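Step one of this worksheet: look at the structure below.
The values are calculated or read from the model by the stated rules, or taken from the named source; none is laboratory data. As the structure is a prediction and not an experimental result, all values here were calculated from the model. Neighbour counts are summed over all protein chains in view; Cβ atoms, including those assigned to glycine, are modelled from backbone coordinates with ideal geometry. Ligands, DNA and RNA are excluded from the accessible area calculation, which covers all protein heavy atoms including side chains. Shrake-Rupley method; radii C 1.70, N 1.55, O 1.52, S 1.80 Å.
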Amino acid sequence: MDTKWKSIEMRKMIKEYILKILKRQEVYLIPGIGCSVIAMMLFADIYTGRYYPTIQTIQLGVFLNVFLGIGLWGITSFLMSFQSRVWKPSHDKFYQEWKNKLKKQQWILCQVGAIALAASLARFKYIYDHGWKYANYSTGYVLIITVVLQWIVCEKVVLSYMKRKLEEYMEALEQINKKNLEAALRSEQMKVDLISNVSHDLKTPLTSMVGYIELIKKEELTDVVSDYVEVLSRKALKLKEMIDSLFDLAKTSSGNVELKIEPLEMNCLIEQVQADMEDRIKESGRELVVSLAKDDTGFTADSSYMYRICQNLLENALKYSQEHTRIFLKTTVMPVQETQQKIRFEITNTAGYHMEFSKEQIVERFVRGDESRSTDGNGLGLAIVNTYTAALGGTFDVNIDCDQFKAAVEFLK
């Protein structure tokens with residue numbers, strides 16, 4: 001067993017050593033120069049030596065192309081490696097440089113190839129004009145074919161080298177992206193854990209404060225102190241509500257939730273939320289225009305999550321809409337495929353402020369469209385809607401058209 005392990009390790013070391021050698025620039029130059037010298041000797045023998053019959057010329061031409069191909073492969077590989085010795089894959093503009101370098105190398109090859117082909121054609125014309133006196137016609141054919149074949153060899157070497165450099169770049173980029181993704185995931189998880197822990201730690205003392213405030217309100221107090229306690233009570237309840245929302249949001253974002261999926265009716269849910277918020281709607285001075293679909297709006301979801309989604313959408317419209325305007329609530333049944341439908345609930349209002357934000361910005365935690373913060377809100381409403389909708393497998397969309405703000409959620413039926 002020990003011998004087998006040593007054998008495997010030895011093969012691994014030999015393989016790594018060979019790969020290390022192949023990465024050195026000089027390893028290409030040695031066979032390149034050697035084969036090029038042999039090729040030049042064959043070339044001189046064919047074109048400046050004694051006369052050869054056609055068959056022998058073709059045979060020598062085959063050997064010439066073999067040795068010249070190996071020689072050009074080695075020399076071209078060495079030149080490419082030497083030229084790019086300081087060209088690192090981690091460079092920010094690597095891909096653009098790679099494209100420019102590839103075009104430049106191909107342009108150089110085309111120029112050299114065109115010159116060599118023109119020279120070979122001129123040589124063939126010279127042989128043709130002077131007949132059989134100086135050389136066999138086959139030498140002209142061999143020369144033209146040699147130029148074409150060696151141009152193809154050089155082109156393949158350049159493309160192979162550039163492809164290898166691109167692969168190195170892509171591998172390096174993949175490693176960088178992987179590290180960045182892992183760091184982002186760790187950072188996001190740390191944020192979620194921090195919010196969850198802080199929210200949880202604040203809930204207990206805040207609940208005690210709310211309880212004691214309620215006890216104080218039952219005592220005999222002066223009018224001034226009573227007003228102070230009433231304000232303190234409202235602020236404490238608002239803070240408790242925000243902490244609860246933050247805790248629920250963090251918990252849902254982490255995926256650590258248990259959903260109770262059950263049949264629901266979107267129309268009934270909207271009517272229930274509207275009835276529960278009737279006093280708040282009257283106090284706001286806004287008018288609700290409700291348009292419910294006549295078709296069946298049944299679907300499956302978690303009732304508590306869906307109630308919170310609809311409630312937050314309506315609260316958001318009441319908080320941020322222009323005074324004395326109408327708010328439109330609408331449900332529709334939309335076909336997705338021949339046998340599938342989706343339920344859509346959308347709410348539209350006229351904003352009471354200038355909207356300069358995108359959908360991505362407005363659904364972020366603690367981001368509010370009302371930058372002046374003149375309205376009552378904490379920036380968690382739509383973030384909760386977005387997170388809860390995603391947890392239920394639905395889609396949340398925001399559309400802004402001048403001063404019209406439309407938010408919509410969709411779920412498969």
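Structure data summary
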read-out: Segment 245-304 - percent of accessible surface contributed by carbon and sulfur, probe 1.4 Å; value: 43 percent
read-out: Label zone at Ser84 (point 7 Å along Cα-to-Cβ), backbone N below 12 Å, segment 148-169; value: 157-169
read-out: Filter on Lys93/Lys156; Lys203/Lys238; Lys282/Lys406; Lys156/Lys179; Lys203/Lys260; Lys218/Lys319 - keep pairs with C-alpha separation over 23 Å; value: Lys93/Lys156; Lys156/Lys179; Lys203/Lys260; Lys218/Lys319
read-out: Pairwise label distance in nanometres, Val112 with Gln340, each label 7 Å out on the Cα-Cβ vector; value: 5.7 nm
read-out: Globularity index of segment 141-184, i.e. its alpha-carbon radius of gyration over 2.2 N^0.38 Å; value: 2.05
read-out: DSSP-loop chymotrypsin sites (Phe, Trp or Tyr not before Pro) across segment 103-165, with at most 13 other Cβ within 10 angstrom; value: Trp132, Tyr134
read-out: Check: segment 289-342 dipole with +1 on Lys, Arg Cβ and -1 on Asp, Glu Cβ, in debye; value: 160 debye
read-out: Carbon + sulfur, % of accessible area of segment 29-184 - ligands and nucleic acids excluded, 1.4 Å; value: 69 percent
read-out: FRET efficiency, Tyr137 to Gln175 (Cβ-Cβ, R0 60 Å, nearest 0.05); value: 0.55
read-out: Simple label model, 7 Å out from Cα along Cβ direction - Ala275 to Leu221, nm; value: 3.5 nm
read-out: Glu97-Tyr353 pseudo-label distance in nm [points 7 Å out on the Cα-to-Cβ vector]; value: 4.7 nm
